[in-house]
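Accompanying notes for the structure given below.
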Amino acid sequence: MLVWVRRYLLFTILFFSVECYAQRHFWKPSDSLSKPRIIGSSSVIGSIYAGSLIGLQTVWYTDPWEKFHLFDDSKEWLQMDKVGHAYTCYHISGLITSNMRWSGLNHKTSLWIGVATAWSYQGILEVFDGFSTDWGFSISDISANTLGAGLFLGQDLLWKEQRFLPKFSFSPTSYAAFRPNVLGSNFAEQLLKDYNGQTYWLSFSPGKFGLEKFPKWLCFSVGYSVDQKLVGHEETYLDFHSKREYLFSMDIDFSALPVKNPFLKTVLRQLNYLKIPFPALNFSRDGMQFRPFYF
C-alpha cells in the first residue's frame, strides 16, 4: 500500500543521518566494543525506532482502531509496493548493521541486530495496519519484508559481502495529472506515490563471482517497473492499460571502488541506494525498446 513509502523513506533518511554523523567524527569502526559509541548509537536508534512508531500512531493512525483483521493487497499495483517493502527492509538492515559495527560489536552480532531491528520495525507497522480502519494486516507485506531482510542476511552469511544490491530510480510521468490525489500532485508526492515513475533494480558485478578481469565496481543491473498503472487492482483506467516492464542496464557499486579514505568511502556508500543513469533495454508486452538515458 502507498503509505509504506513515506514512513520507510523517513526512517531510512533518519538512519542515513545517524551513520553520516557517526562516520564524520570517527572514520573507522572500532576494533573493540566502545561503550560511548554503542550507548550513543543505541540511544539514537532506539529513539528513532520508538519515536517514529509513537508519532505514526498519533498522526497517521488517527481513526479509531478496529478489531485486528487481514487485508489482501497482494494483487495491487502489479506488486510494485511489495518490491518497495523488500528494498526498504534490505537497506534498513544494512544501515543498522553498519552502525553496530562502527560501535565495535562483532560482525555476526551486528548483522543479527540489524536484520532483526529492520524486520521488527516494519512488522510493528503492519500490526498497526491490522487494527486500522482503512487498511489491514498484509501477509504479502510481511513476506516482502522478510525477503528484503533475508537478502541482506543470506548474502552476508554466504559470501561475507553484498553481491546483489537493490537500488532505486525515479523519473516523473504524465499519469499523475489524471489522478493527483493517488499518484501525487507535485514532484515530492509523485516520487513517493507514482509507481509508473519508479524502478527497482538489482545490480551485481561478475567481478565478485570469480571473473577477475571484470572490475568489481562495474555492475550489470536488472530492473522492474510498471507503466500506465493508475489504480490498484484494475488493469484498465480510462484509455490506459497497465503493463509490467523489465529492464537491463549497467550500474556502479560505489562500495567496491578502490577508495581508501574512510570518510570518502562512507559518503560513496550512500550512493548505492540509487541506480546510476545509464542506457537501458526496456522489455514489455509491446516488445523491446532502447532507452539511451534511463533513470
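Coordinate-derived values only; no laboratory data. Keep in mind the model is a prediction, meaning the values are calculated, not measured. For neighbour counting, all protein chains shown are included, and Cβ atoms are generated from backbone atoms with ideal geometry for every residue, glycine included.
Points to keep in mind about this one:
- Rg over Rh, two decimals, the chain (C-alpha only, Kirkwood Rh): 0.97
- Cα lying deepest toward the dipole's positive end in the chain, options Gln228, Ile139, Tyr90, charges on Cβ: Tyr90
- Dipole moment magnitude, nearest 20 debye, the range 61-119 about Cα centre, only Lys, Arg, Asp, Glu C-beta charged: 460 debye
- Each residue of the range 196-206 was assigned a 3J(HN,Hα) from its phi angle through the Karplus expression (A = 6.51, B = -1.76, C = 1.60, θ = phi - 60°), giving 5, x, 8, 9, 9, 10, 10, 9, 8, 10, x Hz with x at Gly and Pro.
- Loop-located trypsin sites (Lys or Arg not before Pro) in the range 169-268 whose Cβ has at most 11 other Cβ within 10 Å (DSSP): Lys213, Lys260
- Among Gly114, Gly130, Gly94, residue whose mean-square fluctuation peaks in a GNM of the chain (springs only between Cα atoms under 10 Å): Gly130
- Low-density loop positions, trypsin sites (Lys or Arg not before Pro), the range 24-116 - DSSP coil, at most 11 other Cβ in 10 Å: Lys67, Lys75
- Cross-link pairs beyond the 29 Å C-alpha cut-off, checked among Lys28/Lys160; Lys167/Lys229; Lys75/Lys265: Lys75/Lys265
- Evaluated with a Cβ-only charge set (Lys, Arg +1; Asp, Glu -1), the chain carries a dipole of roughly 1440 debye about its Cα centre, given to the nearest 20.
- Mean ellipticity per residue at 222 nm, deg cm²/dmol - from DSSP H runs of n ≥ 4 across the chain, formula -39500 (n - 2.57): -15500 deg cm²/dmol
- Rounded to the nearest 0.05, the FRET efficiency derived from the C-beta distance between Ser284 and His69 at R0 = 35 Å is 0.45.
- Separation of the Ala177 and Lys160 label points, Cα + 7 Å toward Cβ, nm: 5.5 nm
- Excluding exposed DSSP-loop GluC sites (Glu not before Pro) (at most 14 other C-beta within 10 Å), longest clean stretch of the chain: 67-160
- The length gained by stretching the chain between Leu271 and Ser30 to full extension, at 0.36 nm per residue less their Cα-Cα distance, is 84.4 nm.
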